[in-house]
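*Asks:* Following this message is one structure expressed as structure tokens.
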Amino acid sequence: MRRKFVAGNWKMNGDLASNAALISAVKAGLAAEGNVDVATCVPAPYLAQVQAAVSGSAIGLGAQDVSAHAAGAYTGEVSAAMLAEFACKYVIVGHSERRAYHGETDAQVAAKTAAALKSGLTPIVCVGETLAQREAAQTNAVVGGQLDVVLAALEAGQVEAIVVAYEPVWAIGTGKTATPEMAQDVHAMLRARLALKSVEAATKVRILYGGSMKPDNAKELLAMADIDGGLIGGAALKAADFLAIVQAAQSN
Ligand code: 13P
């Protein structure tokens with residue numbers, strides 16, 4: 001049985017005051033002995049603030065991107081070792097917003113995944129299709145292909161250390177969600193791809209769903225066999241909504 005995992009992705013939102021209020025409300029609402037892993041992925045300048053705020057709580061700290069490079073003349077980039085110094089456990093790689101607005105390629109996403117693993121971080125590898133790709137019946141080819149490029153860069157023994165997030169681009173921030181069945185189909189396909197690399201890892205890797213997951217749809221999504229949690233955008237900015245999703249994961 002895979003332990004459920006709910007991660008918030010704050011994206012480029014927050015400030016010192018609202019971050020403090022949000023983390024303190026989430027901490028106050030989290031059950032002491034939860035059966036769900038919880039994380040919050042924050043903008044890089046707030047890593048130190050949130051590191052201190054979540055210390056001693058069940059909330060794991062995550063970043064939203066990482067450089068593929070270890071160090072050097074890469075202005076503006078942040079290395080995996082730097083994230084690890086701030087006690088980051090997780091880092092999102094290949095979010096569709098980075099693919100779309102920063103031209104990140106599958107190969108770069110694979111290199112970032114490898115860099116994260118090398119520093120002991122858990123990469124949350126995002127994959128997802130656009131609406132045009134779904135309507136052209138290309139979902140499995142696109143999403144499976146994105147994962148395959150990452151898997152090709154890893155040793156079989158490294159696969160179990162990743163988390164995968166299926167985030168259909170058309171569902172992100174739009175209020176449109178994949179139905180549980182639509183998401184489950186893609187998650188099962190992704191697990192089959194993982195199994196081609198490592199049968200053992202495929203049973204362990206958590207595959208999160210992301211894209212307008214909210215308190216009112218989380219329970220039915222999280223009830224699906226291959227949906228092991230959520231990567232939450234907008235709803236992670238409201239403590240009550242985020243906590244309600246964690247609770248939905250707990251009762252699944
Ligand atoms: P929303 O939950 O706002 O749709 O965002 C999902 C997402 O992109 C999480 O990474």
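The values are calculated or read from the model by the stated rules, or taken from the named source; none is laboratory data. If you're wondering where the values come from, they're calculated on a predicted model, not measured in any experiment. Cβ atoms come from the backbone with ideal geometry, glycine included; neighbour counts cover every protein chain shown. To get the accessible areas, we keep the full protein, side chains included, count just its heavy atoms, and leave off ligands, DNA and RNA. Shrake-Rupley method; radii C 1.70, N 1.55, O 1.52, S 1.80 Å.
*Asks:* Quick check: is even one residue across the stretch 3-12 modelled with pLDDT under 95, under 24 Å from Val205 (Cβ atoms) and open to solvent by 50 Å² or more (accessible area, probe 1.4 Å)?
*Replies:* no
*Asks:* Please go through the stretch 242-252 and pick out each residue that is out of contact with any helix residue (DSSP H, G or I) (no Cβ under 8 Å at 6 or more places or on another chain) and surrounded by fewer than 17 Cβ atoms within 10 Å (Cβ to Cβ).
*Replies:* Scanning the stretch 242-252 gives a single hit, Gln250.
*Asks:* Suppose we keep only residues that are among the hydrophobic types (A, V, I, L, M, F, W, C) and either in contact with a Pro (Cβ under 7 Å, 6 or more places away or on another chain) or buried (at least 23 other Cβ atoms within 10 Å of the Cβ) (or both) within the stretch 78-109. Which one would you say is farthest from Asp65 (Cα to Cα)?
*Replies:* Cys88
*Asks:* Identify all residues within the stretch 112-131 that are in a loop (DSSP other than H, G, I, E, B) and among the polar types (S, T, N, Q); write none if there are none.
*Replies:* Ser119, Thr130
*Asks:* Sticking with this one: Sort through Ala171, Ala73 and tell me the only one that's more than 13 Å from the chain's Cα centre (by Cα) and either over 20 Å from Phe5 (Cα atoms) or surrounded by fewer than 16 Cβ atoms within 10 Å (Cβ to Cβ) (or both).
*Replies:* Going through Ala171, Ala73 in turn, the sole match is Ala73.
*Asks:* What are the residues in the stretch 26-68 that are touching a strand residue (DSSP E or B) at 6+ places or on another chain (Cβ under 6 Å) and more than 25 Å from Lys118 (Cα to Cα), if any?
*Replies:* Val36
*Asks:* With respect to Ala53, determine if the residue is surrounded by fewer than 19 Cβ atoms within 10 Å (Cβ to Cβ), more than 23 Å from Arg206 (Cα to Cα) and away from the ligand (no atom under 16 Å from the Cβ).
*Replies:* No, not satisfied.
*Asks:* Scan the stretch 27-74 for residues that are among the aromatic types (Phe, Trp, Tyr) and more than 22 Å from Val163 (Cβ to Cβ) and jot them down.
*Replies:* Tyr74, the sole residue that qualifies.
*Asks:* Mind telling me which of the residues Ala183, Ala178 ends up being small (Gly, Ala, Ser), within 15 Å of the ligand (Cβ to nearest atom), surrounded by 19 or more Cβ atoms within 10 Å (Cβ to Cβ) and modelled with pLDDT of 95 or more?
*Replies:* Ala183
*Asks:* If the Cβ limit is 7 Å and pairs must be 6+ apart or interchain, which residue in the stretch 227-246 that is at positive phi pairs with which residue that is more than 10 Å from the ligand (Cβ to nearest atom)?
*Replies:* Gly229/Lys4; Gly229/Phe5; Gly229/Val6; Gly229/Arg206; Gly229/Ala249
*Asks:* Looking at the stretch 27-45, is at least one residue open to solvent by 20 Å² or more (accessible area, probe 1.4 Å) and part of a strand (DSSP E or B)?
*Replies:* Within the stretch 27-45 (the criterion being open to solvent by 20 Å² or more (accessible area, probe 1.4 Å) and part of a strand (DSSP E or B)), the answer is yes, since at least one residue qualifies.
*Asks:* When the stretch 203-241 is examined, which residues are found to be under 13 Å from the mean Cα position of the chain (by Cα), more than 14 Å from the ligand (Cβ to nearest atom) and open to solvent by 10 Å² or more (accessible area, probe 1.4 Å)?
*Replies:* The answer is Arg206, and nothing else.
*Asks:* Continuing with the same structure: Considering only the stretch 79-103, state which residues are in contact (Cβ under 8 Å) with a residue 12 or more places away in the chain, of a type outside the set (A, V, I, L, M, F, W, C) and outside any helix (DSSP H, G or I).
*Replies:* Ser79, Lys89, Tyr90, Gly94, His95
*Asks:* For the stretch 60-78, name all the residues that are charged (D, E, K, R) and free of Cβ contacts under 8 Å to residues at least 24 places away in the same chain.
*Replies:* Glu77
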